[in-house]
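A short write-up of the structure that comes next.
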Amino acid sequence: MRKLRRSAARFVLIARKVRAKLFPPANPVPAAPAPTPSHEGGLRGKVVLITGSSRGIGLALAKAFLQAGARVVMTARTAPQLDTALREIADDESMAIAIAADLSSAGEAERLVSQAFERCGRVDVLINNAATPGPPHRAVWDVSASEWDAVWRLNVLAAASCAAALVRQARERRLPVRILNVSSGIVGHGAPSLGPYAMSKDALEGLTRALAADDSDGLVSAASIQPRSVRTDMTRAYYDGAMFALMDDAEVVAPVFLWAAGAPAAVVNGRSFSEPAFAASPAGAAALHGSMAGTAPIYLVPETFQPGARNHEAPGAYMHLLENAQGFYPAAAHALAHARPARSVWAYPDPTYRELREAIATEAGVGGQQIALGAGSSELIDRMLRLFCRPGDSIVITKPTWSFFHAFAQRWQLIATEVPMTGSMQEGSMRHDLNGLLDAITPRTRIVYLVNPCNPTGTVVPPAELEAFVRRLPGHVVAVIDEAYIQYAHPSVRPNVCAMIEDSAARLIVLRTFSKFFGLSGLRIGYAAASQESVGLLARAEIPFCINSPAVCAVPAVLADAAFRQKVFDDNQQGRQQLAEGLASLDISFQPSQTNFMLFECPTDPQRLRDDLRMRGLVLPNVDQFLRNYGVLAVGTPEHNAVLLEALGKY
């Protein structure tokens, strides 16, 4: 469990940095204003009852509500605990009172709420925070009946009893009340050796929904809050010292509670709010549901599209997106210019894409019912992560891999296990560690993602080895083989993975795109070859008319344009050879490639090289975040390749 939590935390921290580097907004987008919190005066004078408030999150919330002008009723098992906490936070004894109550005992919840009403005249907000983690580091089958009972009594029954007592008082007095249940990010996922605690928090979420559903007169509203793990006595006992040191203090979780306590009932009632998501985007947490509530947009702003970019002064090759250096296929231009009927370019296409699927299926060597279409293979990747995974699931990827994949994985809150490549740049022997990928698969793994040929290394797995790897994959995973650059590879090293779709134990999905070799990146079309069942599953998240009419016209044309396809392949082969020989003559280490780019060891600061070439009209990819001190040369025309080598020769 500790290893899983550490991996998750590190992945989130790294992914945030990666996205900030790779996808900065063209113009910094101003942060959305937080939902107007009614506690700006709205909580002043309100009475807030917080269970388990002598320490940790409960004590931090008591401080925050006092600062917001509320009166706070604090509770804990013993009076000495409360007295210490009260002295720590309250200068004005009239604003904070303490009531000792052992909520795991029968009748204590009723007594607590009754005393709060007697001493304060009302209770406006109840925060059910009292909880126990239960026995640490124990499998569920090793937990005794008495230990189960202790967790359930405090974490669930006490919360339900406090809520019931408050609702009865509120209904008698016709007073609106808000109930906030302190849940956990563990909800919906579970965690090793935390079974009783995880189950109790799932049940607490059920209590929130039940309270909201059972209220018929609008007096009761309830919400759950899932706070991040913060530094408390509970987490100190569970996490190792290094992980505990990375955590924030408990005070960081207060803003979402202050907001949820004062927000309109219609906004919060029956809902569950992730505190980290609220911290990242209050507006998103309030308006959106699920994992998207705390997800930032993926901004991709290549330097050639940034405001003020003077592209007309640099009319050379824009190689940073690894597009086809030979440009638009003549057959595609002809198909669009002479489409018959003319409306086939601008009107709605056939929503079944029958003829398009058949043309692609012939190319892939599968049946037409085995093709799923998407707005580029990137859209299909995002769709697969959304369909086959849920937040907290594990995926296995190579290191390095396609940079966008990290952004998509973070969007859906997945935990990536990265398996480094073997070999070295100096020897030109970098390659996927297939055994390492297999060893990294666990029962929690949902997807294994492998780019072949690899972006950004250009390496390819020998066909026999890849086929053996696919045969060894277990049946519970979705195996995604991304062949975005496969047409650039020599036929002798192209595996026929599509032929294994029906025989693979794993759910095998092969991705390809028309953005690279076929020069249709602007038309946004890619496809997945998979079993008919898998295609049907992918269709559940497909948007009708997801492929535009110009793409429907162009794709069959480029597939049938054998002469230009051969030219693209031959020119790329010659360009790769030109770059390889040039790099070797300059004594610069590089990785032999089967794509339209080459990874090399940069002899100077990579940004300096990119700036130099940008002034000469050539724009190169930036891989600094993943491969420090390395660069990527996109294969261009012979003239462009010569400029690249000339620039490298200066260093």
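Run down SER272, SER200 and say which single residue is open to solvent by 20 Å² or more (accessible area, probe 1.4 Å) and either of a type in the set (Ser, Thr, Tyr) or touching a Leu at 6+ places or on another chain (Cβ under 6 Å) (or both). Exactly one residue qualifies, and that residue is SER272. Scanning the stretch 554-583 for residues that are open to solvent by 30 Å² or more (accessible area, probe 1.4 Å) and within 36 Å of the chain's Cα centre (by Cα) yields one hit, PRO556.
Residues of the stretch 584-593 that are farther than 11 Å from GLN426 by Cβ and crowded, with 23+ Cβ neighbours inside 10 Å: SER593 alone.
Just checking, does the stretch 87-106 include any residue being under 23 Å from TYR197 (Cβ atoms), out of contact with any strand residue (DSSP E or B) (no Cβ under 8 Å at 6 or more places or on another chain), of a type outside the set (D, E, K, R) and surrounded by 14 or more Cβ atoms within 10 Å (Cβ to Cβ)? Yes, the conditions are met somewhere in the stretch 87-106.
Among the residues of this structure, GLY475 counts as one that is within 20 Å of VAL535 (Cα to Cα) and either among the small types (Gly, Ala, Ser) or part of a strand (DSSP E or B) (or both).
Can you find a residue that is over 30 Å from GLY190 (Cα atoms), open to solvent by less than 10 Å² (accessible area, probe 1.4 Å) and assigned to a loop (DSSP other than H, G, I, E, B) anywhere in the stretch 358-366? No - not one qualifying residue is present in the stretch 358-366.
The residue of the stretch 396-419 that is most open to solvent (accessible area, probe 1.4 Å), among those that are farther than 15 Å from HIS432 by Cβ and not in a helix (DSSP H, G or I), is GLN413. There is no residue in the stretch 566-576 that is in contact with a strand residue (DSSP E or B) (Cβ under 8 Å, 6 or more places away or on another chain) and not basic (Lys, Arg). Look at the stretch 615-630: where a residue is open to solvent by 20 Å² or more (accessible area, probe 1.4 Å) and a partner is charged (D, E, K, R), sitting 6+ places away or on another chain with Cβ atoms under 8 Å, you get ASN622/ARG610; ASP624/LYS21; GLN625/LYS17; GLN625/LYS21; ASN629/GLU601; TYR630/GLU601.
What about ASP214, is it acidic (Asp, Glu) and closer than 22 Å to PHE273 by Cα? So ASP214 passes the test.
Scanning the stretch 301-321 for residues that are in a loop (DSSP other than H, G, I, E, B) and either modelled with pLDDT under 65 or out of contact with any helix residue (DSSP H, G or I) (no Cβ under 9 Å at 6 or more places or on another chain) (or both) yields VAL301, PRO302, GLN306, PRO307, GLY308, ALA309, ARG310, ALA314, PRO315, GLY316, ALA317.
The one condition from (1) within 26 Å of GLY519 (Cα to Cα); (2) open to solvent by less than 30 Å² (accessible area, probe 1.4 Å); (3) touching a residue at least 40 places away in the same chain (Cβ under 8 Å) that THR445 does not meet is (1). A count restricted to the stretch 448-481 and to residues that are in contact (Cβ under 8 Å) with a residue 40 or more places away in the chain and either of a type in the set (D, E, K, R) or at positive phi (or both) stands at 1. For the stretch 513-523, indicate whether the set of residues that are touching a Leu at 6+ places or on another chain (Cβ under 9 Å), surrounded by fewer than 21 Cβ atoms within 10 Å (Cβ to Cβ) and either part of a loop (DSSP other than H, G, I, E, B) or β-branched (Val, Ile, Thr) (or both) is non-empty. Checked against the condition, which is being touching a Leu at 6+ places or on another chain (Cβ under 9 Å), surrounded by fewer than 21 Cβ atoms within 10 Å (Cβ to Cβ) and either part of a loop (DSSP other than H, G, I, E, B) or β-branched (Val, Ile, Thr) (or both), the stretch 513-523 yields no hits at all. Counting just the residues of the stretch 478-504 that are open to solvent by 60 Å² or more (accessible area, probe 1.4 Å) and assigned to a loop (DSSP other than H, G, I, E, B), which one comes out nearest to ASN324 (Cα to Cα)? This residue is HIS490. Taking the criterion of being in a loop (DSSP other than H, G, I, E, B) and out of contact with any Lys or Arg (no Cβ under 7 Å at 6 or more places or on another chain), the residues of the stretch 604-629 that qualify are THR604, ASP605, ARG616, GLY617, LEU618, PRO621, VAL623, ASP624, PHE626, LEU627, ARG628, ASN629.
The values are calculated or read from the model by the stated rules, or taken from the named source; none is laboratory data. Everything numeric in this text was worked out from a predicted model, so none of it was measured. Because the Cβ atoms are built from the backbone with ideal geometry, glycine has one as well, and the counts that use them run over all protein chains shown. When the accessible area is computed, the model is the full protein with side chains, heavy atoms only, and any ligands, DNA or RNA have been set aside. Shrake-Rupley method; radii C 1.70, N 1.55, O 1.52, S 1.80 Å.
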